[in-house]
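Chemist: Following this message is one structure expressed as structure tokens.
The values are calculated or read from the model by the stated rules, or taken from the named source; none is laboratory data. This is a predicted model, so every value here is computed, not measured. Cβ: placed from backbone, ideal geometry, glycine included. Neighbour counts: every protein chain shown. All accessible areas refer to the heavy atoms of the entire protein, side chains included, with ligands and DNA or RNA removed. Shrake-Rupley method; radii C 1.70, N 1.55, O 1.52, S 1.80 Å.
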Amino acid sequence: MSGETILEVRDLRVSFSLRGRRLTALRGASLDLRRGETLAVVGESGSGKSVLAKTFLGMLDRNGRVDSGSIFFDGKDLAGYSKERDWLAIRGKRIAMIFQDPMTALNPLKTVGEQIREAAALHRGLDRAASRAVVLETLDRVGIPDPELRYRQYPHEFSGGMRQRAVIAAAVACRPEILICDEPTTALDVTVQAQILDLIKSLQRELGMTVLFITHDLGVVASVAQRVAVMYSGQVIEEGTVREVFYDPRAPYTWALLASLPQLGVKGEELYSIRGTPPSLFKEVVGDAFAPRNPRALEVDFRFEPPVFPVSDTHWARTWLLDPRAPRIEAPETVRRLRARLARGTDGPETAGGGGAATGGGDSVQGGAE
Amino acid sequence: MSNENAQIIEKPSAHPLWKEFAFSMKRLFKNPLTIIGASIILFFLILAIFAPLLAPPPRPFDPYLMPHKGWDMTPSPPSADNWLGTLPSQYDILYGIIWGTRNAFRIGLAVVAANLIVGLILGALAGYFGGIVDEIIMRIADIFYAIPTLVMAMALVVAIGRGLTSIVLVLIILGWPTYTRVIRSDILVIRNMDYIMAARASGVSHLRIIMRHIMPNSVFSIIIVASMNVGVTILVAAALSFLGLGSDTGYADWGAMVSTCRDFIVGPPENRLAYWYLVFIPGFTIALFVLGWNLLGDAIRDVFDPRMRRR
């Protein structure tokens with residue numbers, strides 16, 4: 001891991017006005033994205049994952065705004081950008097994004113090649129022939145056979161997997177430094193999912209991109225990412241390497257998340273599920289947002305918001321449990337088993353230092369968990 | 001993978017717009033009403049194009065002025081000289097009908113085309129940008145909706161000065177809200193499509209997104225509205241002409257022709273239907289023209305409207 005931070009998000013607050021009410025989507029989210037890594041952002045629906053990614057591109061809906069905080073990218077604070085022209089220099093060119101549903105992410109009336117070429121020509125200032133060559137090369141790179149033919153075809157002539165490849169080609173054609181993948185495999189069937197994940201991994205390696213991977217599928221996290229950020233209710237509550245977060249989680253929400261994974265459950269036992277619902281984003285959250293749903297919540301969780309406690313150089317969590325004054329609280333059974341497995345060192349991924357190797361190791365979290 | 005490979009062997013196909021169009025045409029001409037509508041319009045088109053041959057103007061520099069023999073105020077019935085009879089002051093009805101066709105097309109197409117352009121621009125602005133722009137444009141449209149069109153049109157034509165050009169101008173001023181509403185509602189749907197988001201995320205500018213991605217995907221409804229509206233436009237123009245706001249007597253315009261005959265709708269007591277041809281012929285022509293456009297518009301809607309279109 002090069003370790004150099006390419007994108008630094010600090011205390012980002014984003015809110016939307018909805019019919020006179022304020023919905024706070026991000027309540028001081030902080031995140032570090034390091035050059036060349038794959039960071040997975042996980043969280044349930046409404047935790048603010050997608051909003052976070054959209055702020056990086058200045059693509060919040062009209063009623064949304066960044067209230068405070070900063071997004072440092074290449075020495076500039078993107079949170080302060082308001083002019084469309086400023087964003088046009090970032091979007092697609094330096095930070096690109098892949099959307100969830102490949103079936104609707106392509107304009108049905110334009111050939112696939114032309115759609116990819118549009119962005120490539122725009123950002124690289126290439127003429128028609130040169131940008132066409134770039135597109136053909138990119139189509140080939142993302143594993144679309146017979147690019148010459150595919151270039152001239154329309155989206156409806158592509159299968160789901162091929163469309164997602166085309167969408168990825170459009171995103172990487174301009175060689176962005178950061179690629180944001182917003183649940184790129186959710187709409188695909190499982191076999192195609194694996195192919196697309198492999199593709200993203202190999203593209204990242206070949207092009208040296210930094211990937212921000214948004215997902216709610218922990219299995220996907222394990223197979224693509226080196227580091228994980230767990231989001232809950234508009235905050236990043238735990239961030240660390242895949243190994244640290246998956247095998248030695250510290251925040252009660254991460255515990256609950258892992259405990260509710262069917263793969264980690266014990267056969268014959270009832271599967272754990274997190275009770276209750278996330279707090280209303282219309283109201284101000286007092287204390288730890290997860291406290292009302294947390295059976296192990298402390299008194300302090302209901303009063304004060306937990307600060308960030310470092311666990312290691314690469315691992316931190318927002319929970320009062322890490323405060324020296326906190327009582328010792330036993331983690332759930334599932335988490336204890338994971339820790340024991342880590343201590344034995346029999347499986348689990350290598351630490352994220354191994355670059356590409358770490359992604360390979362990541363698969364064993366899935367394998368080992370079954 | 002093998003599945004995907006098999007698919008690739010297909011030849012690249014035509015533009016989907018074109019494919020859809022070919023499909024639509026096939027559908028279109030299966031319907032007998034379409035054929036009737038299209039034939040009517042074709043008939044009028046031939047009249048308009050070959051007007052100089054069908055009714056050679058005695059004064060080529062001013063062909064829209066109907067020729068007349070004498071100033072006799074009593075219309076004459078169809079005869080060998082005047083196949084469809086004459087208006088008061090002996091204006092030849094057949095000549096008026098033929099040259100009036102050109103005017104009918106001019107009014108219908110000019111008004112609809114201008115409305116389309118204005119509607120597309122305003123609708124795109126309102127739909128794509130939303131917010132205050134949307135609010136201003138659509139509230140103005142609402143104001144236009146709140147005033148009865150015919151009354152407003154009369155007032156405006158009188159203000160500008162009567163004549164066919166004024167009628168066209170006024171119909172353009174009054175017609176845009178319908179188009180703007182339709183195009184706006186379509187754009188509201190398309191705007192939230194993922195491919196628009198994807199285009200934005202890859203750094204495509206607003207103007208380019210509207211022109212290259214949104215417009216081509218949202219023109220279908222507006223085409224239907226436009227085709228249905230040609231007939232309506234002619235009717236309103238004829239109504240304004242009939243009310244005396246159109247051209248002067250002797251100008252080859254169907255509405256004006258009917259207007260000239262206002263005093264002869266009912267004949268003398270001994271023969272109430274003596275002047276039937278006066279109102280009937282231009283009136284029937286207008287009706288036929290409007291019917292043609294409506295049938296065509298209906299057919300286009302049947303084919304293009306996604307709710308009507310069945311595969």
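Chemist: Considering only region B:279-310, state which residues are touching a helix residue (DSSP H, G or I) at 6+ places or on another chain (Cβ under 9 Å) and modelled with pLDDT under 80.
Modeler: Scanning region B:279-310 gives B:300, B:301, B:302, B:303, B:304, B:305, B:306, B:308, B:309.
Chemist: Here is a follow-up. Which is at the interface with chain B (Cβ under 9 Å from one of its Cβ atoms), modelled with pLDDT under 90, farther than 24 Å from residue A:186 by Cβ and not in a helix (DSSP H, G or I), of A:153, A:100?
Modeler: The match here is A:153.
Chemist: For residue B:235, indicate whether it is away from chain A (no Cβ under 14 Å) and either in a helix (DSSP H, G or I) or among the polar types (S, T, N, Q) (or both).
Modeler: It is true that residue B:235 is away from chain A (no Cβ under 14 Å) and either in a helix (DSSP H, G or I) or among the polar types (S, T, N, Q) (or both).
Chemist: For region A:115-142, which residues satisfy the criterion of being assigned to a helix (DSSP H, G or I) and of a type outside the set (A, V, I, L, M)?
Modeler: Of everything in region A:115-142, those that are assigned to a helix (DSSP H, G or I) and of a type outside the set (A, V, I, L, M) turn out to be A:115, A:117, A:118, A:123, A:124, A:128, A:131, A:132, A:137, A:138, A:140, A:141.
Chemist: Also, I was wondering about something else. Within region B:191-199, can one find any residue that is more than 26 Å from the chain's Cα centre (by Cα), of a type in the set (Val, Ile, Thr) and either away from chain A (no Cβ under 14 Å) or assigned to a helix (DSSP H, G or I) (or both)?
Modeler: Yes, region B:191-199 contains a residue that is more than 26 Å from the chain's Cα centre (by Cα), of a type in the set (Val, Ile, Thr) and either away from chain A (no Cβ under 14 Å) or assigned to a helix (DSSP H, G or I) (or both).
Chemist: Checking the condition touching a strand residue (DSSP E or B) at 6+ places or on another chain (Cβ under 9 Å) and within 21 Å of residue A:117 (Cα to Cα), which residue from A:157, A:183, A:177 passes?
Modeler: A:177
Chemist: Same structure again: Just for region A:103-113: of the residues that are closer than 12 Å to residue A:167 by Cα and open to solvent by 20 Å² or more (accessible area, probe 1.4 Å), which one is nearest to the other protein chains (Cβ to nearest Cβ)?
Modeler: A:104
Chemist: Just the residues that are under 30 Å from residue B:110 (Cβ atoms), open to solvent by 50 Å² or more (accessible area, probe 1.4 Å) and either touching a residue at least 40 places away in the same chain (Cβ under 8 Å) or hydroxyl-bearing (Ser, Thr, Tyr) (or both), please, taken from region B:182-232.
Modeler: Selection gives B:184, B:185, B:188, B:220, B:223, B:228, B:232.
Chemist: Taking the condition of being open to solvent by 40 Å² or more (accessible area, probe 1.4 Å) and within 13 Å of chain B (Cβ to nearest Cβ), how many residues in region A:116-139 meet it?
Modeler: 3
Chemist: Let me ask something else about it. Does region A:50-88 hold any residues that are loosely packed, with under 13 Cβ neighbours inside 10 Å and either within 17 Å of residue A:119 (Cβ to Cβ) or within 9 Å of chain B (Cβ to nearest Cβ) (or both), and which are they?
Modeler: Hits for region A:50-88 are A:62, A:84, A:85.
Chemist: Are there any pairs with C-beta distances below 8 angstrom linking a residue in region A:266-289 that is in the same structural domain as residue A:333 (by TED's automatic domain parsing) and closer than 27 Å to residue A:17 by Cβ to a residue that is surrounded by 18 or more Cβ atoms within 10 Å (Cβ to Cβ) and of a type in the set (Phe, Trp, Tyr), with the two at least 6 apart or on different chains, and if so which?
Modeler: A:278/A:232; A:288/A:320; A:289/A:232
Chemist: Filter region B:7-30 for residues that are part of a helix (DSSP H, G or I) and either at pLDDT below 65 or facing chain A (nearest Cβ under 10 Å) (or both); which is most open to solvent (accessible area, probe 1.4 Å)?
Modeler: The selected residue is B:19.
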